[in-house]
Amino acid sequence: MLLNITDILSWAYEYLIRKFAEGQGQRRGGSAASLLLLKGENEMNQKWMRAISQLKDTLSRTQKDLELKAIIEARDEVLARYQPVFSLEHLPHLTQEEFSSFLYFENNKHWTGLHRHAGKLTADMDALRHALAILLDENRPLTERFTEVVGASVVKGLGKGLASAILLAAYPERYGVWNNTSEAALKQLEIWPEFDRGLTLGERYAAINDLLKRLSDELEVDFWTLDSLFWGILKKKENGETEPDIPLNEHSFRLERHFHDFLRDNWENTKLGREWEIYREPGDEEAGFEYPTDAGRIDILARHRSYPEWLVIELKKSQSTDRVIGQILRYMGWVKRHLASPEEKVRGLIISPDVDKNLQYALAVFPPGHIQVNNVDHFC
C-alpha cells in the first residue's frame, strides 16, 4: 500500500507525540493533561496539513478550470485600475462612477453581487468618502477602523465582504477577503478560527486576516489568488454533492443561480419575504444568503418576522430526490445547535423545479410544516 506525504507526516507526528508523552510521564509521574494537550495540537496540525493539501490540489487544477484561471489571471489588470482609485490621495476626489464600477463583476473580475447595494452606498458620497478614508488609514489599528466603519454600519451596504475586498484592492499584499465564500471554505477545511465572546468585528477580521496571511505564505500565493482558491474549494465540494442519477446541464446550473439572484434582489416582494426576513449579522445585512457553516453552505437562512422561528431554504437546480432530506436536516440541526434558542423552531423548505415520489415519501414521516417542498413557480 502506498502512503501519501500527509499520511507519512501524520504517522511521524503521532510517533513523536507518543515518545514525548512517555518521557513526560516518566518525569511527571504520568501527566494525562500533557498527553491531551499534545493530542489536541496534533489534531490541529493534521487539519492544517489536510487544508494545505486541498488548497494545493485546487491550485494545481487552475489550468484546467477556465473560470478559476480567468479570475487569477485578472489580478494585475484589476489592481492596476483600482489601487489608484482607493488610494488615500484620490479618496477626496472619488466619484460615484469610479466606486460603482468596482461593484460589478465585469470590472472587478472576482466578486459577484457587490452591486446590489450600489444605490445605498453612493446615496451620500461625502459619507462614503469619509468611511473609506477611515477604513484605509494605515496609521490606525485595523481592529479599530474595521469596527468603526463596518461594525457600526456607518454606510448602508458597506459590509465585511465589500470592505475587505476594497482593502485587498488598496493594499494587495496586506489584506485578504472575509466574505461568505472564504468563511465557508475555511470552515469546510476545518481551520476556521474559534472566537471568544465579546470580540469586535475588527478583532475578528484581524484574526481571520492573520490566518489568511499564514495560508498565503505557506502556499506561496498572493491574497487575490488565495481568495480564488476558496471559491474553487467550494465549487469542487458542491459539484461532488451532485446527485449522480440526475443528468445536469448548463441550463440547470443557471436556473439555480438565477433563481437565487432573483430572490436576493426581490426578497421583500416575494411571498417568502413578506413572512420571513433574511438573517443578519453585524457588518453583513444579508448574511443569510449562502450562509457559511461547518456543515455546508446554506442557500438562504431566514427568521420569521413575527414568531420565534428559523427557516432553512435549499434551492435545487434539477429534480430533487430524497437525498436532499439529509442535506437540509444537517443544516437545520446546525442552526438549532448554534443559532436558535431552545424555544425557537427551525423549519426547512426545499425549492425545486420538480419533485420525485421518493422525496414525497420521505417527507411524509415529518410533522406537517417541519420540512416543506415547493415548485419554483410558487414563489415567482
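All of the numbers you see were taken from the coordinates with simple rules; none came from a lab. Just so we're clear, the structure is a prediction, and the values are computed from it rather than from any experiment. Cβ: placed from backbone, ideal geometry, glycine included. Neighbour counts: every protein chain shown.
Between the alpha-carbon centres of segment 318-357 and segment 130-162 there is a gap of 35 Å. The HN-Hα couplings worked out from phi for segment 188-193 by the Karplus form 6.51 cos²θ - 1.76 cosθ + 1.60 (θ = phi - 60°) are 5, 6, 6, 10, 5, x Hz, whole numbers, x standing for Gly and Pro.
List, in the order given, every pair from K160/K271; K47/K187; K236/K357; K187/K316; K56/K213 whose Cα-Cα distance in the structure shown is over 18 Å. Spell out each step's value before the answer.
Values: K160/K271 29 Å; K47/K187 11 Å; K236/K357 29 Å; K187/K316 22 Å; K56/K213 16 Å.
Too far apart for the 18 Å limit: K160/K271; K236/K357; K187/K316.
Between H93, I208, I134, whose Cα lies farthest towards the positive end of the dipole of segment 67-237 when Lys and Arg beta carbons carry +1 and Asp and Glu beta carbons carry -1, centred on the Cα centre? Value computed over the given set: I208. What is the distance in Å between the Cα centres of segment 174-220 and segment 45-70? Between the Cα centres of segment 174-220 and segment 45-70 lies a distance of 17 Å. Relative to the Cα centre, the charge distribution of segment 67-237, modelled as +1 at Lys and Arg Cβ and -1 at Asp and Glu Cβ, gives a dipole magnitude of about 580 debye. Amide H contacts of R347 (H built 1.01 Å from N, in plane; Pro and chain starts excluded): W310, L311, V312 sit under 5 Å, all sequence-distant by 5 or more or on other chains.
Residues in segment 139-145 carry Karplus couplings, in order, of 7, 10, x, 4, 4, 5, 6 Hz; the curve used is 6.51 cos²θ - 1.76 cosθ + 1.60 with θ = phi - 60°, and Gly or Pro positions show x. Proximity of backbone amide H atoms, modeled 1.01 Å from N, is registered between N374 and I350, I351, S352 at under 5 Å, excluding neighbours fewer than 5 places apart on the same chain. Ordering of 138-144, 127-133 by packing is 127-133, 138-144, highest average first (other Cβ atoms within 10 Å, averaged per residue). The overall shape of segment 67-237 is oblate: from the C-alpha gyration tensor, with semi-axes ordered a ≥ b ≥ c, the ratio a/c is 1.5 or greater and a/b is no larger than b/c. Shape of segment 34-162 from the C-alpha gyration tensor: oblate (a/c of 1.5 or more and a/b not above b/c, with a ≥ b ≥ c the square roots of its eigenvalues). Rounded to whole numbers, the Karplus 3J(HN,Hα) couplings from phi for segment 104-118 are 9, 4, 4, 9, 7, 6, 9, 10, 9, x, 5, 6, 4, 10, 4 Hz, using 6.51 cos²θ - 1.76 cosθ + 1.60 with θ = phi - 60°, and x at Gly and Pro. Database remark: amide H of E290 closer than 5 angstrom to the amide H of I300, L301 (H placed geometrically; neighbours at sequence offset of 5 or more, or on other chains; Pro and chain starts carry no H).
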